[in-house]
Structures are given as C-alpha cells and as structure tokens.
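Asks: Take this structure first; my questions come after.
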Amino acid sequence: MARNDKVCVLGMGFIGLTLAATLAEAGNDVLGVDVIPEVVDSLKAKKCYFFEPGLTEAVKKYGGKNLKFSTVISDKTCNYYVICVGTPIDQATAKPRLEYIENAARSILPFLKKGDTIILRSTVPVGTSRNLVARMIETETNLSPGKDIYFGFVPERTVEGNAMYEQKFIPQMVGALNKESAKKIARLFGTFNKQLIHVPDIEHAELCKIIDNTYRDVTFAYANQMAMICEELGLDFNIIRQTCNYKYSRNNIPSASPGVGGACLTKDPYILIDLCNKLNINMELIKSARAINEVTVFNLAKKVLHRLTALGKNICASKIFIMGFAFKGDPETSDMRFSTTIDLVNYLKPFCSNLFGYDAVVDTKQIEAIGVKYCLIEEGFKGADVVLIMNSHESHMDLNIKKLAARANDSLIFIDCWNLYDKNKIAKYKNIIYSSVGIY
Ligand SMILES: NC(=O)c1ccc[n+]([C@@H]2O[C@H](COP(=O)([O-])OP(=O)(O)OC[C@H]3O[C@@H](n4cnc5c(N)ncnc54)[C@H](O)[C@@H]3O)[C@@H](O)[C@H]2O)c1
C-alpha cells in the first residue's frame, strides 16, 4: 500500500464497518461513508451501534485518526472505493434489490479519477459488478473500467461475531476485470490478509459467494428435515446424527436448529433461485431447502401449543420463557435480523399473552419492541410452563436446570433446540419434560 493511498468504504453496516476498522488497523487511511446520519454520528463519537468483538476497541483506537466517518464523499482524495451496502431481497417478489448498490456506485462517480480502484464486497447476483456498476462508469463518466479504472469483486465471507479475526485469517476470493485490477486489489487486501485466491474473473467470485451460503442453507435443511422425520417416529435425531458422523469422515451432518435465520442465509439462496429462473434451470433443491428452514420454526411453535394442550394447560395463561433472540448464539452477536425467534414470537403472540425473553447480547429494547417482556434467566424460569433455548449462546449453557426448574410450574416443557443439555439427566428431574428439534 502506497503512503498516498486512501480507501473509501461505502456502507457502515456489519460488513463495511468491520472492513473499514480492519483496513485502518493495517495502517491504511480510511473514510467510512454511510447515508444514515445517526450511524455516522455514533461512529464519530467512537460508539459502535452493534456488537462485534474487537470492533469498538478498533473504532476507539483509530477513529478520528486514520479512520474517519462521513455521510458523503466530499473530495477526490480517495483512490480505492469498496462498496459494502446491503443487497436485500424484495419480500413481495423474492428478487434481489440492487438500488443500494446502484446509489452507492453513483455517489462515487463525481469523485472518480483515472487510476482509482472500485471493489464490490456486497453479495450480488452474478453479473451485477460488470453489468450494473462497470457499465455505469463506462456510460456515465469518461473513464473506462479495465483501462482507466481498476475494478473487481471480493466477497465478504466472515462470520458475525468473529469478523475482526476472520477478515485477516480466512482466504479472500478475488475476481478482477483484468490483471492490473487484480494487482491493485491484492495491494489493498494484502495489507491485512495474506491468503488471496485469484479466480478467473469477477463472475466466478460473485457465484462463489452465493454458492457458499446456499450450500450451508441446504445442509442445514437436510438436518432439519431429518429432525422432522425423527420427531414423527419418536426417535432422537441428535443420537442419529452423532452416530452417523462418529469416526466417519465422509459425513458431517449438521445439528438440527429452530430454523435458519440471519440476514445472509435467508436471502442468498433467493439470489441463486432468481438466477436459476432466468437460466430456466430447475432449482427445486434450493427452493425446498429454504422452505424447510423457514417452516421449521413454525413446527416448533405448533409443538409448543400442542404440548400445552396435551397437558391440559390454558395456552393463553401459560408463561413461555424464550432464551436467545440474536439469530445465532455462537459466535455471539447482537444481530436480530431475520432471527427465527422473531417468527416464533409472532406465531405464539395471538395465542399467548405471557411471553418472556432473555438475550445476553441483544439490547433489551429490541426484545420488548416485538412484544416480549425482558427478564433474566432465573426470573424467566419462575412460574414458567415452557422454556425454549433458541440459540447456543454460552450464557444458556451450564445452567443448574434442576434448581431453575424447581421455580417453574408443574410439567415444565423444556425445549433445548441446540441439545445443550443431557436429555437423560434432565428426564430424571421432577416436573420437566425434555424436548428439542428432532426430539418430540
Ligand atoms: N452481515 C454479514 O455477516 C454478511 C456476511 C457476508 C456478506 N454480507 C453482505 O454484505 C452486504 C452488507 O451487509 P451488512 O450486513 O453489512 O448490511 P447492513 O444493512 O448492516 O449495512 C449496510 C449499510 O449501508 C448503508 N448504505 C446504504 N446505501 C448507502 C450508500 N449509497 N452509501 C453509503 N452507505 C449506504 C446503510 O445505511 C447501512 O448502514 C450485503 O450484501 C450482505 O449480503 C453480509
């Protein structure tokens, strides 16, 4: 990285901010831009508005020095631009929305000069970088990508909760418009990561990212479907999974889960489905996987109601205590976007007015905003009829369930969705009925 290089990262969300902080930590001069003034104000005050280990420390250390924040690009001093804005799915059409990419790219144009580099990092449909952004530069400026402008796509693959580490230590896939662009991208990303994988072109990198996430969604759906079968047969999916995987390296069947949430796995398969539709390719596997992962949490909610009814309890008056509102527990995150716990709550709310919840990381106001009363774990078990563990956060582990359940109502339904507890041990305690995803 040359001394006079300056990087503009567009989008100070989960991805852009961790990248900006990592770039600053590596000694780069960084400008983080976001269109939301509150986001920029909080970062200028060195406060992160979401939890990510190591991020606040980095913003405090480099903020105001080689890491600055703004709502706009205001001069031509940057020579690298990295686009990290959101690419959500339209909830009505299930098609990817690219207007954030388009707006971010357009905001760069007035400042773009010969020799600058543009890199897309958001997850996008195949062809977006070339056909939307590169074409916009070609048609709306007098600069030509590949000739005057270096250009490429480097997908983000870090896991929320360990992003600051993974930025540096998981391989970065680099898809570039030409060799010179690849060199420019390597110069920037090489300042913090030594493992760059150069793929033949931009489209390979774009598709790598979508295939990556869809693969995970499909394997999780397999586990969740097998868990449904086990529940019907009265078998234990966790035992079956562990037995199949044991010392048998050809298998790596994942755990079942209360559905698959989060901003990425709930969206990226739809980008692939949209592509398959355009190519007229049958994509039943991907579609079915998504459908299974979406329905799993509703099956769980139905189980709660069925089990309460079978016990002769009044559903409306029953106390349901839910642990885990972030879309995942390990590594921990405060991100509640598309968390399946929200679906669970929305399903149960019309039937039950006694919903209580706890999360070690999520802001309590966010939990209360979805109609759940926040409380700590001990309080949650008190007088509970159902306790659900929705994610595998470490604060849900190693609890004294026997002691806690002694405060609950008779026949406490304890739904341990991540098999954090030994069901045989729990079964010995008085008044507890153990259940999981894959164990009815
Ligand atoms: N969150 C993850 O773990 C993850 C992982 C891999 C890939 N991705 C991908 O990275 C992209 C970003 O994800 P995210 O979770 O960080 O999104 P996000 O919604 O948290 O953040 C996007 C930010 O971009 C800002 N923004 C929108 N338009 C802008 C513009 N024109 N200029 C400047 N800022 C603008 C928004 O205000 C927002 O703060 C998505 O494509 C996502 O699929 C996310």
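Asks: Name the shape class, rounded, prolate or oblate, that the alpha-carbon gyration tensor gives for the stretch 41-136, where a ≥ b ≥ c are the square roots of its eigenvalues, rounded holds for a/c under 1.5, and otherwise prolate holds if a/b is larger than b/c and oblate otherwise. Spell out each step's value before the answer.
Replies: Values: a/c = 2.40, a/b = 1.30, b/c = 1.85.
Note, shape of the stretch 41-136 comes out oblate.
Asks: Then there is this: Any chance you could list P(r) for the stretch 163-226, counting all Cα-Cα pairs in 5 angstrom bins from zero, rounded to whole %?
Replies: Final binned percentages: 4, 17, 20, 19, 16, 10, 7, 4, 2, 1.
Asks: At a Cα cut-off below 17 Å, give the aspartates and glutamates reachable from residue 68, other chains included and same-chain residues fewer than 8 away excluded.
Replies: Within reach: 5, 25, 29, 34, 38, 41, 57.
Asks: How much length would be gained if the chain were fully extended between residue 330 and residue 379, taking 0.36 nm per residue of separation minus their Cα-Cα distance, in nm to one decimal?
Replies: Values: separation 49, 0.36 × 49 = 17.64 nm, distance 2.37 nm.
So the extension gain works out to 15.3 nm.
Asks: Taking the stretch 1-66, which trypsin sites (Lys or Arg not before Pro) meet the DSSP loop condition and have no more than 14 other C-beta atoms within 10 Å?
Replies: Qualifying residues, ordered by number: 3, 47, 65.
Asks: Given a Förster distance of 45 Å, report the FRET efficiency between residue 427 and residue 316 from their Cβ-Cβ distance, rounded to the nearest 0.05.
Replies: With R0 = 45 Å, the Cβ-Cβ based efficiency is 0.95.
Asks: Taking the convex hull of the alpha carbon atoms in the chain, what volume per residue do you get, in Å³?
Replies: Taking the convex hull of the Cα positions in the chain, it is 152 Å³ per residue.
Asks: How charged is the neighbourhood of residue 127? Take every other residue with its Cβ under 9 Å from the Cβ of residue 127, and add Lys/Arg as +1 and Asp/Glu as -1.
Replies: With Lys, Arg at +1 and Asp, Glu at -1, the neighbours total -1.
Asks: Near the amide H of residue 178, under 5 Å away, which other amide H atoms are found, from residues 5 or more places off or on another chain, if H is placed in the peptide plane?
Replies: So residue 178 has HN proximity to 151.
Asks: Shifting gears a bit: Between the DSSP loop rule and a limit of at most 14 other Cβ atoms within 10 Å, which trypsin sites (Lys or Arg not before Pro) in the stretch 111-144 are left?
Replies: Taking the stretch 111-144 and a limit of 14 other Cβ atoms within 10 Å, the loop trypsin sites (Lys or Arg not before Pro) found are 113, 114.
Asks: Continuing with the same structure: Can you tell me the FRET efficiency between residue 56 and residue 369 if r is taken as the Cβ-Cβ distance and R0 is 35 Å, rounded to the nearest 0.05?
Replies: After rounding, the FRET efficiency stands at 0.90.
Asks: Bin all alpha-carbon pair distances of the stretch 259-306 at 10 Å intervals from 0 and give each bin's fraction as a whole percent.
Replies: Bins of 10 Å from zero give 25, 42, 23, 8, 1 percent of pairs.
Asks: How long is the gain from residue 103 to residue 309 if the chain were fully straight, where each residue apart is worth 0.36 nm and the alpha carbon distance is subtracted?
Replies: 69.0 nm is the gain from fully extending residue 103 to residue 309.
Asks: At 7 Å along the Cα-to-beta-carbon direction for both residue 113 and residue 212, put a label point, then send me their distance in nm to one decimal.
Replies: 3.3
Asks: Is the shape of the stretch 6-200 best called rounded, prolate or oblate, per the rule: a/c under 1.5 gives rounded, else a/b larger than b/c gives prolate, else oblate, with a ≥ b ≥ c the square roots of the Cα gyration tensor eigenvalues?
Replies: Working: a/c = 1.33, a/b = 1.27, b/c = 1.05.
Note, shape of the stretch 6-200 comes out rounded.
Asks: Along the positive direction of the dipole of the chain (beta-carbon charges: Lys, Arg +1; Asp, Glu -1; about the Cα centre), which of 253, 352, 12 reaches farthest?
Replies: 253
Asks: What ranking of 422, 359, 398 emerges when the number of other C-beta atoms within 10 Å of each C-beta is taken as an exposure proxy, fewest first?
Replies: By the 10 Å Cβ count, ascending, the order reads 398, 422, 359.
Asks: With a ≥ b ≥ c the root eigenvalues of the C-alpha gyration tensor of the stretch 279-331, is it rounded (a/c under 1.5), prolate (a/b larger than b/c) or oblate?
Replies: oblate
Asks: Would you mind calculating the gained length between residue 346 and residue 406 on full extension (0.36 nm times residue separation, minus the Cα-Cα distance), in nm to one decimal? Numbers along the way, then the final one.
Replies: On the way: separation 60, 0.36 × 60 = 21.60 nm, distance 2.86 nm.
Separation in residues times 0.36 nm, less the Cα-Cα distance, equals 18.7 nm.
Asks: Next question. When only Cα pairs under 8 Å and 6 or more residues apart are kept, what is the percent relative contact order across the chain?
Replies: Across the chain, relative contact order equals 12 percent.
Asks: Related question: Could you put 50, 153 in order, starting from the residue whose Cβ has the fewest other Cβ atoms within 10 Å?
Replies: Listed from fewest to most nearby Cβ atoms, that is 50, 153.
Asks: Using the Cβ atoms and a cut-off under 10 Å, what net charge is assigned to the surroundings of residue 383, where Lys and Arg are +1 and Asp and Glu are -1?
Replies: So the surrounding residues net to +1.
Asks: Given Cβ point charges of +1 (Lys, Arg) and -1 (Asp, Glu) and nothing else, what value in debye, to the nearest 20, does the dipole of the stretch 6-200 about its Cα centre take? Spell out each step's value before the answer.
Replies: Details: 25 positive and 19 negative charges, 119 e Å.
Computed charge dipole of the stretch 6-200: roughly 580 debye.
Asks: If you don't mind, another one. Based on DSSP H runs of at least 4 residues, each adding -39500 (n - 2.57), what is the mean residue ellipticity at 222 nm of the chain after dividing by all its residues, to the nearest 500 deg cm²/dmol?
Replies: Per the formula, -12000 deg cm²/dmol.
Asks: Starting from the alpha-carbon convex hull of the stretch 219-435, give the projected area averaged over all orientations, in nm². Write down the numbers at each step before the final one.
Replies: Working: hull surface 52.1 nm².
Here the figure is 13.0 nm², rounded to one decimal.
Asks: Sorted from fewest to most neighbouring beta carbons within 10 Å, what does the list 264, 417, 208, 48 look like?
Replies: The order, fewest Cβ neighbours first, is 208, 48, 264, 417.
FYI, it's all coordinate maths here, none of it is from the lab. The structure presented is a predicted model; accordingly, all values stated were derived computationally and were not measured. Note: ideal-geometry Cβ built from the backbone for every residue, glycine included; neighbour counts use all protein chains shown.
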